[in-house]
Amino acid sequence: MRLAETGRKLAFKRRRIGVTDYALRTRLMRGKLPFLVVRSSNRYVYAQIVRPDVTGDRTLSSASSKELGKFGWRLGLASIPAAYLVGYLLGLRAADSGVSSAVLDMGLSTPTKGNKAFAVVEGAVEAGMKVPRQEGGLIQKERLYGKHVAEYLEKVREKVEPSVQFSKVAGAGVDVEAEVLKAKENMRKAFAKEGA
């Protein structure tokens, strides 16, 4: 018996393979705000400001953790501090393109406390964007500046055996918070030069 004969309707292919939640997308589109789209892999964090359109979504600005090296970031590209800097960079670029507010689109990822997507949102908000979010935030400010990495490094230094995790930071004796602040300052300077 074919599907048409049973009277059931076949779901869209993107929903069947688990790529798009159309009910959520419809609710987001009713707000008439652009989307702050956040995706992350094991190596990088990606963020975009996207305006939905009938003919296809238009990307207004984007940022990736791959670009952080240009601003002096020497540490991991998939960490929470890196996600925070990606959000900050995206917020600066969005301001240049005339976008002042957006709504978060995490896709099919689960919104758990401390998620990298919330670090991106905090960075974008600090850069001047308006993104609806829970008061107090879903991520601690100390984690955005890498305090959890510094605490872990202290534990590792007390042990005799070396650790592979955070090896770039441990070997170089890097202060993560200073690195975040330096990268933010470099981003502000770069955008001040472009605006002048």
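Rule-based calculations on the coordinates, nothing more; no lab input. Since the model is a prediction, treat every value here as computed from it, not as a measurement. Using ideal geometry, Cβ is built from the backbone for each residue, glycine included, and neighbour counts are taken over all protein chains shown.
Beyond 15 Å, how much of the Cα-Cα pair distribution for region 9-51 remains, as a whole percent? Cα-Cα pairs in region 9-51 separated by more than 15 Å: 58 percent. Each pair of Cα atoms in region 33-115 enters the Kirkwood radius, and Stokes-Einstein at 20 °C and 1.002 mPa s then converts it into a translational diffusion coefficient of 162 µm²/s.
Using a simple charge model, +1 on the beta-carbon of Lys and Arg, -1 on the beta-carbon of Asp and Glu, nothing else, what dipole does the chain show about its Cα centre, in debye to the nearest 20? With only Lys, Arg, Asp and Glu charged at Cβ, the dipole is about 920 debye. Take the Cα of LYS189, step 7 Å toward its Cβ, do the same at THR26, and the gap between the two points is 5.1 nm. Compared with the dominant Cα axis of the chain, that is its longest principal axis, helix 147-158 is turned about 50°. Near SER41: Cβ cut-off under 14 Å, other residues only, Lys/Arg at +1 and Asp/Glu at -1. The net charge is +4.
Taken one residue at a time, the phi angles of region 93-102 give Karplus couplings (6.51, -1.76, 1.60, θ = phi - 60°) of 5, 5, 4, 5, 8, x, 9, 10, 8, 7 Hz. Gly and Pro are set to x. Evaluated at q = 0.08, 0.12, 0.15, 0.16 Å⁻¹, the base-10 log of the normalised Debye intensity for the chain, with identical point scatterers placed on the Cα atoms, takes the values -0.33, -0.65, -0.92, -1.02. Neighbours of ASP96 by Cβ distance under 13 Å: Lys/Arg scored +1, Asp/Glu scored -1, total +2. Here's the list of lysines a cross-link from LYS184 could span, going by alpha-carbon distance under 19 Å and ignoring same-chain residues fewer than 8 apart: LYS66, LYS70, LYS116, LYS130, LYS141, LYS147, LYS193.
The DSSP beta bridges internal to the chain are antiparallel in roughly 75% of cases.
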